[in-house]
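Written out below as structure tokens is the structure these notes cover.
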Amino acid sequence: MEKSVDRYDVIVVGTGPGGGIVARDLTRQGKRVLIIERGDYQPTRGTISQMVSRGWVPGVQMPLTTQVKPVVRGVTTGGTSMLYTATAHEPPYEILEKYGIDIRDEIAGLRAELPIAPIRDELMSPAAQLFMKSARELGYDCKKLDKFIYQDKCLRDCDSCIKGCPNGAKWNSRYLVDEALHNGATMINHAKVKRVITEGGRAVGVEYKSGVKNISLHADIVVIAAGGIGSPVILRNSGFSGVGEKLCMDPILVVFGQVKGLGGSGRAVPMMTGFHLKEEGIMFADLHIPKVLKQFFDVHALNLGKVGQFEDVIPIMVKIRDDLSGKIRNGGLLKKDISPADKIKFNNGEGIAKDILRQAGAHKTYTSQIVAAHPGASVKIGEHVDKNLKTRFDGLYVCDCSVYPEALGLPPSLMLLGLGKRLAKHLATNNTHGKVDDISLLETAG
Ligand SMILES: Cc1cc2nc3c(=O)[nH]c(=O)nc-3n(C[C@H](O)[C@H](O)[C@H](O)COP(=O)(O)OP(=O)(O)OC[C@H]3O[C@@H](n4cnc5c(N)ncnc54)[C@H](O)[C@@H]3O)c2cc1C
């Protein structure tokens, strides 16, 4: 094993929204930050092959579950935000407040800083407009959703969001990483962190694998932000038990309906409009996806006769707040069954989506298989980390999807950015050698 002589103030592992904002904000405070990222730092080409290589390779970025539903996560600088659909959903403040966390100020700051706004009318597709109109006619409060998009760079009839957006229109957490690097941070790519190094109950660094070498680097503080699956695996390797024993995934299905004469190209920003049934735990949105991905969905669901349909199709996403019925097995494999309660939500949501499609003039509808994109709640606030996102080890924090205290069933990135801002403020201004706050930690650390 190589030992570096370098010592940093903070090591941040992972560069999704959770890690990106912590790294960026700490460099603004003059901290010496080292970022360690498993993936590459290649420029975004916006091709299907790059999208697949960043997030859709089964068993690598896309861990398979017991029901073999794809769980997509991005492994590249910027994390899953390089593949996301850029919806900026207001955080569920009431859930965080139960744990003594208020991020309203941080969210207000982010709204002032980032390009967050509903999509302009001229970028709207006929499918999204008709979805919103039909949902409203049925009494649903369907509205334009806020997007993380520089709209002056966004193109009509473009399907690049999910592929990565080579036009610079989609905001993602690589912008944060780039600013952190500009401010003096160091980044190591192609480096997979295996474990946190601890001494006497305190985190002092990490060990990562680069090629065939194991390398350890040291810092006063370690922030693990490797995502809802990556972080519990690192913590387990570091001696924590209990993490990753539960897992939510915000699973989705897509209901499609063909409306003859709809017009448009079928290519547009996904999730321009939508609505949330809070009590039921179901979110709906239009969901334009690239043609080849639609074809994958059709083949996956054995809707083989629909593979040729695209331009005149309205795709409606049904996302549910699922039970914490998942589990990360040793080695990173996932177990995740759709529980009976989840099935009821999906049936309910699919029925509503079909009603909307019929209202829009679709005669026949068809439904995709279930896929998942937000693995989380595997290192929960109130159980494994305290309200400051601190583990029971001094100097060791977690900041990503894994810390949700419960399943959200909502796009989480704005909330993660708020939590990360709050953590960076805490790390820059407080004595981090103190005790864990307010909770009885259930996991044991070795
Ligand atoms: C198709 C799709 C659409 C989505 N749309 C939206 C949306 O519209 N709005 C929204 O809010 N959210 C959306 N999401 C979800 C959102 O992108 C994620 O929830 C968010 O990126 C999670 O941030 P994170 O910081 O937890 O982790 P991630 O963004 O997953 O980042 C984790 C990082 O850690 C790195 N890493 C993992 N393991 C290691 C290791 N061992 N060592 C070093 N580095 C490691 C990864 O390479 C990655 O860079 C979408 C997701 C997908 C897949």
Estimated distance in nm for a label pair at N430 and K278, the labels positioned 7 Å out from Cα along Cα-to-Cβ
2.8
Rank the residues C165, C399 as a footprinting-exposure proxy: fewest other Cβ atoms within 10 Å of their Cβ go first.
C165, C399
Looking at the chain as a GNM with Cα springs under 10 Å, which of K213, K421, K144 has the largest mean-square fluctuation?
K213
Between E90 and E113, what is 0.36 nm times their sequence separation minus the Cα-Cα distance? Round to one decimal in nm.
6.8 nm
Which far-off residues, 5 or more places away or on another chain, put their amide H under 5 Å from the one on R195, with H placed in the peptide plane?
E207
Taking the chain and counting helices only, DSSP H stretches of n ≥ 4 at -39,500 (n - 2.57) each over all residues, the nearest-500 ellipticity at 222 nm comes to -8000 deg cm²/dmol
Non-local amide H neighbours of T365 (under 5 Å, H modeled in plane, Pro and chain starts lacking H): which ones?
none
Give the angle, between 0 and 90 degrees and rounded to the nearest 10, that separates the Cα long axis of helix 17-28 from the longest principal axis of the Cα atoms of the chain.
50
Top of E179, E207, E137 by mean-square fluctuation, Gaussian network on the chain, Cα under 10 Å:
E137
So if R0 is 22 Å, what FRET efficiency would T47 and I188 give, r being the distance between their Cβ atoms, rounded to the nearest 0.05?
0.25
Which of K153/K192; K209/K246; K327/K380; K147/K278; K192/K380; K194/K319 exceed 25 Å between C-alpha atoms? The answer is K153/K192; K209/K246; K194/K319
Express in nm, to one decimal, how much length is gained between H363 and R136 on full extension, taking 0.36 nm for each residue of separation and deducting their alpha carbon distance.
79.8 nm
Counting Lys and Arg as +1 and Asp and Glu as -1, what is the net charge of the other residues whose Cβ lies under 12 Å from the Cβ of T273?
+1
For D121, put the label point 7 Å out on the Cα→Cβ axis and report which residues of segment 274-293 keep their amide N under 13 Å from it.
none
Starting at the first residue of segment 180-193, write each ³J(HN,Hα) from the Karplus equation 6.51 cos²θ - 1.76 cosθ + 1.60 with θ = phi - 60°, in whole Hz, x for Gly and Pro.
4, 5, 4, 7, x, 5, 10, 10, 10, 9, 6, 10, 9, 6
With the 8 Å Cα cutoff and a minimum separation of six or more residues, segment 245-346 has a relative contact order in percent of 39
Top mean-square fluctuation among G305, G100, G227, Gaussian network model of the chain, C-alpha springs under 10 Å?
G305
Between segment 281-312 and segment 135-180, the Cα center-to-center distance that results, in Å
19
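Each value in this text was obtained by applying a stated rule to the coordinates, not by laboratory testing. Values in this document were obtained by computation on a predicted structure and should not be read as measured data. Positions of Cβ are generated from backbone atoms using ideal geometry, with glycine treated the same way; all protein chains shown enter the neighbour counts.
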